[in-house]
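Worksheet: the structure to be examined is printed underneath.
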Amino acid sequence: MADVFVEIRLVVLTSLLSLVVMFVFTRIGGKRQIAQMSPFDYLNAVTVGSIGAELATDLEQWWRPLSALIIYILATWLVHYTACKSNAMRCFWSGRSLILMDGGVISKTALQRAAIDVNEFLGQARIAGYFDPNEIETAILETSGQISFLPKSLNRPLTPEDMQLHPDVAGIWYDLIIDGQLMQDNLKAAGRDERWLDAQLHTQGIGQRSEVFYAACDKADGFFACRVK
């Protein structure tokens, strides 16, 4: 029975060690989502996940997967560092964007280079909201694997400039209350104080901040608040 408890303790320790190393790896890798990863990043993440699982369960030789994880972390950092410092290395690691459609004409050669068939291309266009290929001027395959579409001038969304309108400048919104908790730093950044906040809440029939589930404002006259339900 004592041996069982020793093994359980080792599993707990190696699992925590694996989580710490994986956390460091994800922090180094940045905040990109899976869809934004380069092929190298994706394969590296899958491999690291597999090694991390082995680290948590290999009780006799746990230092081997740990050493491999450290090597992968250093390699990932080196790739990201060189990509940030050199345009040539960035192109080497991530590749270049590829024009799939230009002037309203789909390039068969570009589709073949990207290993994309026409049906997949048209499917991505429909996902982007273009059911009529005549509406597309240019389509570019980004290094992340996503396709960016540029509509023709006559098919692009109407803008205030087209209608010669001059709307107010849009600004960011600041979270003021989340789950009844006041965000002091955000309130100060918005140029407001607690007296102003309480007055805004009273105008909406809210007496206490603890009643508020979420509240936010901008630097103009915008304000939003909702109760806890």
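The values are calculated or read from the model by the stated rules, or taken from the named source; none is laboratory data. Remember, it's a predicted structure, so these values are computed and weren't measured experimentally. Cβ: placed from backbone, ideal geometry, glycine included. Neighbour counts: every protein chain shown.
Restricting attention to segment 146-158, which residues are surrounded by fewer than 17 Cβ atoms within 10 Å (Cβ to Cβ), within 27 Å of the chain's Cα centre (by Cα) and either part of a loop (DSSP other than H, G, I, E, B) or of a type outside the set (Ser, Thr, Tyr) (or both)?
Answer for segment 146-158, where residues must be surrounded by fewer than 17 Cβ atoms within 10 Å (Cβ to Cβ), within 27 Å of the chain's Cα centre (by Cα) and either part of a loop (DSSP other than H, G, I, E, B) or of a type outside the set (Ser, Thr, Tyr) (or both): Gln146, Leu150, Pro151, Arg156, Pro157.
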Of the residues in segment 190-227 that are of a type outside the set (A, V, I, L, M, F, W, C), without any contact (Cβ under 8 Å) to a residue 12 or more places away in the chain and not in a loop (DSSP other than H, G, I, E, B), the one that is surrounded by the most Cβ atoms within 10 Å (Cβ to Cβ) is Asp198
From the option list Ser97, Ser148, Ser153, single residue qualifying as among the polar types (S, T, N, Q) and closer than 30 Å to Asp218 by Cβ is Ser148
Q. Has segment 53-67 got any residue that is under 24 Å from the mean Cα position of the chain (by Cα) and either at pLDDT below 75 or not aromatic (Phe, Trp, Tyr) (or both)?
A. no
Restricting attention to segment 159-189, the residues that are closer than 17 Å to Ala220 by Cβ, surrounded by 10 or more Cβ atoms within 10 Å (Cβ to Cβ) and within 25 Å of the chain's Cα centre (by Cα) number exactly 7
Open item on the list: When you scan segment 118-132, do you find a residue that is aliphatic (A, V, I, L, M), over 27 Å from the mean Cα position of the chain (by Cα) and modelled with pLDDT of 80 or more, even just one?
Closed with: yes
Among the residues of segment 178-189, the number that are part of a strand (DSSP E or B) and either at pLDDT 95 or above or among the polar types (S, T, N, Q) (or both) is 1
Per the filter on segment 82-102, residues in a helix (DSSP H, G or I) and either without any contact (Cβ under 8 Å) to a residue 40 or more places away in the chain or touching a strand residue (DSSP E or B) at 6+ places or on another chain (Cβ under 8 Å) (or both) are Thr82, Ala83, Cys84, Lys85, Asn87, Ala88, Met89, Arg90, Cys91, Phe92
Reported set for segment 1-20 where residues are modelled with pLDDT under 75 and either of a type in the set (A, V, I, L, M, F, W, C) or in contact with a helix residue (DSSP H, G or I) (Cβ under 8 Å, 6 or more places away or on another chain) (or both) is Met1, Ala2, Val4, Phe5, Val6, Ile8, Leu10, Val11
Condition set surrounded by 15 or more Cβ atoms within 10 Å (Cβ to Cβ) and among the charged types (D, E, K, R), scope segment 125-145, selection nearest to Ile99 (Cα to Cα): answer is Glu137
Among Thr57, Thr47, the single one that is more than 19 Å from Val24 (Cβ to Cβ), touching a residue at least 12 places away in the same chain (Cβ under 8 Å) and among the β-branched types (Val, Ile, Thr) is Thr57
